[in-house]
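Engineer: Mind having a look at this structure? Questions to follow.
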Amino acid sequence: MQTTAHTDTTEPYLWNPGIVFTILVSYFGLFGVTLGTQGVIWALMLQALSLSKGVFGTAQLSAPLISVFILLLAGPLCSHFQKKHLALVGLIALGSSLIWMSLIHDLWGLVGALMLSGVGLGTIEAMANSATLDWEAATGRKVMNLMHAGFSGGAVVGAIMAGTLLGNGITYPQLLQICAALAGILFLATLLVHFAPVETAAEGASSPAAAIRLLFSGPIVLALAAICLISTLGESVANIWAVIYLDELGAPAAVGGAAFALFNGTMFVGRLVNATLVARVGDRISLIMSGVCLLLAGIILVATAAVIPAIIAFALVGIAIAGVIPTILSATARLAPGQSGAVTGAIMSVAYLSFIIVPPIIGWVADATSLRAALLIVALAGAIQLILTRLIPSE
């Protein structure tokens, strides 16, 4: 069905909600495929570049640091530039970073590629979440959980693809180049799309400080953001350290890839279920259930050093974090209507902070003690999340 609307430049145009939905979920899917593939190959890159866990974990700061900066600017970026153009820039940066990463041979090459990846992923993250909130406002339908399920589904595909192709002689640089080609295909598809209309006045009120002001606009928003930060610690651990930890426990690459796919699979299912769960029991109960699962997963990880329990624990992490970001994005958007850019910047930049905090902590603690001991952070995150949910009012 074609819908007539006005863009932020006040020019009339036709947009198709179904096509826009498909292209938006494709951005999330590409994001997932990329991170799913990287989650499997990090162990190989760690060995190929001869890096310690501490140095490798510190290098991983490069991408989220850049992404957080971009996400804090999500409001003004979405106000002054068409989201279609932001998507194109993000896809170029992401594709280029993947090609660069496939060619590196040392630490500084990794850092440079990760920094460019941060530009791509941060831009796509800001644009896609903001455009989804616009889509929800324009259609009256709630699809944020489905969009983030697209990310998790893409990560499952990426992890299975990586594990399968590695087992059949494909190298990790070739896998990265395949992901770059997918970014190129989506770039071409984006050229033909009109996104949902936005409210010019609301977006135009954004400034570089809009996201920070929104975070401190009230105790509920601040509590939601804190829960987002704590819960995402679990995702940060799983994305970077799950396969490396299983490799330490003696699991072959195929098992590590399958376990990482399972983690993303449980996150995918959880996001599909979470929309119904939130509708029936509310945000607070959903977030409490998430904290319980995260706490249990952390306890399992530190209680035993066996492959099967570790796989189960990472699957529980997927369930735990599944609905947190989409639930908090939608909840915050209800508290700040008409500010999709600022909402995206505030919440997603906080989420990315966990990817800045966790990798070096895990890496250096693992070097000093063991990776198993460092994974205690998962149990701590679950316990803190349960405490924070007490600040969220019941619905």
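Engineer: Note the listed values (1) 30, 60, 10, 0; (2) 23, 58, 18, 0; (3) 28, 58, 14, 0, then indicate which one is P(r) over Cα pairs in 20 Å bins from 0, in percent calculated from this particular structure.
Structural biologist: (1)
Engineer: For Arg390, Arg334, give the ranking by accessible area with the largest first, probe 1.4 Å.
Structural biologist: Of Arg390, Arg334, the descending order of accessible area is Arg390, Arg334.
Engineer: Where in the chain are the helices, taken as whole DSSP H runs, whose Cα atoms extend 24 angstrom or more along the long axis and whose Kyte-Doolittle mean reaches at least 0.5?
Structural biologist: Correct list, ordered by number: 17-48, 83-103, 107-139, 144-167, 172-190, 219-248, 253-281, 283-303, 340-368.
Engineer: List every residue whose amide H lies under 5 Å from the amide H of Trp15, counting only residues 5 or more places away in sequence or on a different chain, with H placed 1.01 Å from N in the peptide plane.
Structural biologist: Counting only residues 5 or more places away or on other chains, the set is Thr3, Ala5.
Engineer: Distance between the C-alpha centers of segment 347-379 and segment 78-123? Whole Å please.
Structural biologist: Centre-to-centre (Cα) distance: 23 Å.
Engineer: For segment 309-323 and segment 141-185, compute the distance between their C-alpha centroids and round to whole Å.
Structural biologist: What the calculation gives is 19 Å, centre to centre.
Engineer: Taking 56 Å as R0, compute the FRET efficiency from the Cβ-Cβ separation of Ala383 and His194 and round it to 0.05.
Structural biologist: Once rounded, the FRET efficiency stands at 0.75.
Engineer: Pick from Gly140, Gly122, Gly153: which is most flexible by mean-square fluctuation in a GNM of the chain where alpha carbon atoms under 10 Å apart are linked?
Structural biologist: Gly140
Engineer: In addition: How much accessible area per residue does segment 31-98 have, in Å², with a 1.4 Å probe?
Structural biologist: Values: 2090 Å² over 68 residues.
Averaged over the residues of segment 31-98, the accessible area is 31 Å².
Engineer: Could you calculate the contour length gain from Val281 to Phe81, that is, 0.36 nm times the residue separation minus the distance between their Cα atoms, to one decimal place in nm?
Structural biologist: 68.2 nm
Engineer: With a Förster radius of 45 Å, plug the Cβ-Cβ distance of Ser52 and Phe216 into 1/(1 + (r/R0)^6) and report the FRET value to the nearest 0.05.
Structural biologist: Numbers: r = 38 Å, r/R0 = 0.85.
With a Förster radius of 45 Å, E is 0.70.
Engineer: Mean-square fluctuation check for the chain, GNM, Cα pairs under 10 Å: which of Leu301, Leu371, Leu191 is largest?
Structural biologist: Leu191
Engineer: What ranking do 268-279, 156-167, 312-323 get when scored by the average of other Cβ atoms within 10 Å per residue, highest first?
Structural biologist: Working: 268-279: 19.1, 156-167: 22.1, 312-323: 26.2.
Listed from highest to lowest mean packing, they are 312-323, 156-167, 268-279.
Engineer: Follow-up question, since we're still on this one. How would you rank 357-370, 56-69, highest first, on the average number of other Cβ atoms within 10 Å across their residues? Before the final figure, lay out the partial values.
Structural biologist: Numbers: 357-370: 19.1, 56-69: 21.9.
Descending mean neighbour count gives 56-69, 357-370.
The values are calculated or read from the model by the stated rules, or taken from the named source; none is laboratory data. What you see is a predicted model, and the numbers here were worked out from it, not measured in a lab. Positions of Cβ are backbone-derived with ideal geometry, glycine not excepted, and every protein chain shown enters the neighbour counts. Just the protein is used for accessible areas: all its heavy atoms, side chains included, with ligands, DNA and RNA removed. Shrake-Rupley method; radii C 1.70, N 1.55, O 1.52, S 1.80 Å.
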